1. Considering segment 58-108 alone, what residues qualify as being among the β-branched types (Val, Ile, Thr) and either surrounded by 15 or more Cβ atoms within 10 Å (Cβ to Cβ) or at pLDDT 85 or above (or both)?
2. Can you pull out the residues in segment 20-67 that are among the aromatic types (Phe, Trp, Tyr) and in contact (Cβ under 8 Å) with a residue 40 or more places away in the chain?
Amino acid sequence: MNGSNTGAFSYAPYGSFGNAPRFFSDLRGPRYQDWDTALEKNWKFKQSMRAQFRLETFNSFNHPSFYTPAGGYVGCDPNASTSCQSNIGQITNSFPPESSNGQEKFYW
């Protein structure tokens with residue numbers, strides 16, 4: 001959301017009410033997409049022995065998934081100071097990228 005107009009949201013002047021609702025029920029973040037996969041192979045040796053190999057991947061297709069935009073005004077009060085910074089409406093973090101792990105087990 002770079003380039004969005006963060007100046008559209010501001011504190012109301014002292015002694016007046018703002019025109020925004022208390023909660024923005026239609027404000028949503030980007031879609032979260034995550035595909036986890038697993039591959040497993042078992043080998044039997046005797047009646048009570050077996051070996052297992054397992055490979056698991058998380059976020060298998062490495063699709064970027066972002067957190068929701070910042071919703072609170074985390075700057076100073078612009079009525080008291082003119083040098084306020086706000087990150088409202090900006091996405092500043094994402095979920096972790098693809099990861100995988102492998103396991104080998106032997107049961108007896």
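The values are calculated or read from the model by the stated rules, or taken from the named source; none is laboratory data. Remember, predicted model here, so these are calculated numbers, not experimental data. Using ideal geometry, Cβ is built from the backbone for each residue, glycine included, and neighbour counts are taken over all protein chains shown.
1. Restricting attention to segment 58-108, the residues satisfying the condition of being among the β-branched types (Val, Ile, Thr) are 68, 74, 82, 88, 91-92.
Once the filter is applied, which keeps residues that are among the β-branched types (Val, Ile, Thr) and either surrounded by 15 or more Cβ atoms within 10 Å (Cβ to Cβ) or at pLDDT 85 or above (or both), segment 58-108 yields Ile88, Ile91.
2. As a first pass, look at segment 20-67 and keep what is among the aromatic types (Phe, Trp, Tyr): 23-24, 32, 35, 43, 45, 53, 58, 61, 66-67.
Once the filter is applied, which keeps residues that are among the aromatic types (Phe, Trp, Tyr) and in contact (Cβ under 8 Å) with a residue 40 or more places away in the chain, segment 20-67 yields Phe24, Tyr32, Phe53, Phe58.
Yes/no per residue for (1) β-branched (Val, Ile, Thr); (2) touching a Pro at 6+ places or on another chain (Cβ under 7 Å); (3) modelled with pLDDT of 80 or more:
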position: Met1; (1), (2), (3): no, yes, no
position: Phe9; (1), (2), (3): no, no, no
position: Arg31; (1), (2), (3): no, no, yes
position: Thr37; (1), (2), (3): yes, no, yes
position: Lys41; (1), (2), (3): no, no, yes
position: Phe45; (1), (2), (3): no, no, yes
position: Gln52; (1), (2), (3): no, no, yes
position: Glu56; (1), (2), (3): no, no, yes
